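Here's the structure, in structure tokens; my notes come after.
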Amino acid sequence: MKATTRPNPPFDGRLILTVESALREAWRLVDTRHDRAELFAADEDRITLWIEEALYELREQASEGKGGIAGFDRTTFERVQRGAAMRDYTGTKISKQPDLIFRPVGRRSEGIDAFHDGHIVECKLLDERSGKSIGLYASKGISRFVTGDYGWAMSHAGMLAYVRTSEELPTHLETYFQRSENLRAYYTDGRVIRCHLSVRASPATYVSTHDRPITFHDGSAPGPIKVRHLWLSVRPACSP
């Protein structure tokens, strides 16, 4: 593959905030269209499919001037991809499938690896009944950005959680990170900081920063990655 500047230039902050606004609104749509029992029974893949469908609807609405989210339209974003196959940073693993990829329109210039240019959002379920813990959120989610499976050409990425527990940001994620073995495993200082640009948004976005212990074939390194955490609460069905 042709040598590129790694990582790619970061997205304009407004683009990332637009992505997160679209995710919140997509969740609102999903939450209103499915009853409590359905949302509490659905698995991770099913909920992510519903999110993808809602994102498509919002993008079309904004493009046609019929609502949606300002800036989340066909002139600004390509269609969101779910489960698209990509390669890891070594090029030896060619079927890595991040959950959602947001690609801006028009970022085609020298120094940009266009194929891997995108804000990747990995989706995970937090659910006590099925054993979906913060440990899995980290080891099967965050770690993929740290090890270069996902997002190796970018300096930012997202984690989206469907929360069916009482856990909340930032407390529970910081507690997990601050165990000495996890500080080492996730190359982080353990802090999970509220994004100051999303102070009025609900739920808020929190950010953790992770070094990446990888180097490319030319000897260069990608540097740290900022992972943006957005947790969506799934309230349990009311007991009769």
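Each reported figure results from applying straightforward, stated rules to the coordinates on display, with no laboratory input. In this text the structure is predicted, and so the values were computed from the model without any measurement. Note: ideal-geometry Cβ built from the backbone for every residue, glycine included; neighbour counts use all protein chains shown.
Can you tally the lysine pairs in the chain where the Cα-Cα distance is under 28 Å and the two residues are eight or more apart, or on different chains?
The number of close lysine pairs in the chain is 17.
Rounded, prolate or oblate: which one fits the stretch 160-232, using the alpha carbon gyration tensor with axes a ≥ b ≥ c (rounded when a/c is under 1.5, else prolate when a/b beats b/c, else oblate)? Numbers along the way, then the final one.
Working: a/c = 2.48, a/b = 1.64, b/c = 1.51.
Here the stretch 160-232 falls in the prolate category.
Using DSSP, restrict attention to beta bridges with both residues in the stretch 13-233 and report what percent are antiparallel, rounded to the nearest 5. All intermediate terms of the calculation are to be shown ahead of the outcome.
Details: 16 of 31 bridges.
Beta bridges within the stretch 13-233, antiparallel portion: roughly 50 percent.
With the Cα gyration tensor of the stretch 87-205 giving a ≥ b ≥ c as the square roots of its eigenvalues, does the rule (a/c under 1.5 for rounded; else a/b larger than b/c for prolate; else oblate) give rounded, prolate or oblate?
Numbers: a/c = 1.79, a/b = 1.46, b/c = 1.22.
Prolate.
Could you tell me the distance between the Cα centroids of the stretch 197-217 and the stretch 91-142, to the nearest Å?
Between the Cα centre of the stretch 197-217 and that of the stretch 91-142, the gap is 13 Å.
Give the peptides 205-213, 148-156 in descending order of average Cβ contacts within 10 Å, highest first. Working shown, then result.
On the way: 205-213: 18.2, 148-156: 23.0.
Listed from highest to lowest mean packing, they are 148-156, 205-213.
Would you please state the base-10 log of I(q)/I(0) at q = 0.11 1/Å for the stretch 1-125, with intensities from the Debye formula using one equal scatterer on every alpha carbon?
Computed log10 I(q)/I(0) values: -0.43.
So if I place +1 on the C-beta of Lys and Arg and -1 on the C-beta of Asp and Glu, and nothing else carries charge, what would the dipole magnitude of the chain be about its Cα centre? I want it in debye, nearest 20.
The calculated dipole for the chain is roughly 260 debye.
For the chain, what does the alpha-carbon gyration tensor say about shape, rounded, prolate or oblate, given a ≥ b ≥ c as the root eigenvalues, a/c under 1.5 as rounded, and a/b over b/c as prolate?
It comes out oblate by the Cα gyration axes.
Would you mind ranking HIS217, HIS116 so that the residue whose beta carbon has the fewest other beta carbons within 10 Å leads the list?
Ascending Cβ contact count within 10 Å gives the list HIS217, HIS116.
Once the dipole of the chain is set up with Lys and Arg at +1 and Asp and Glu at -1 on Cβ about the Cα centre, which of LEU125, THR147, VAL234 lies farthest towards its positive end?
Farthest towards the positive pole: THR147.
What FRET efficiency comes out for the pair ARG28/ILE214, r = Cβ-Cβ distance, R0 = 35 Å, nearest 0.05?
Here the calculated transfer efficiency is 0.40.
Once both labels are modelled 7 Å past Cα along the beta-carbon direction, what's the ALA185-ALA84 spacing in nm?
3.1 nm
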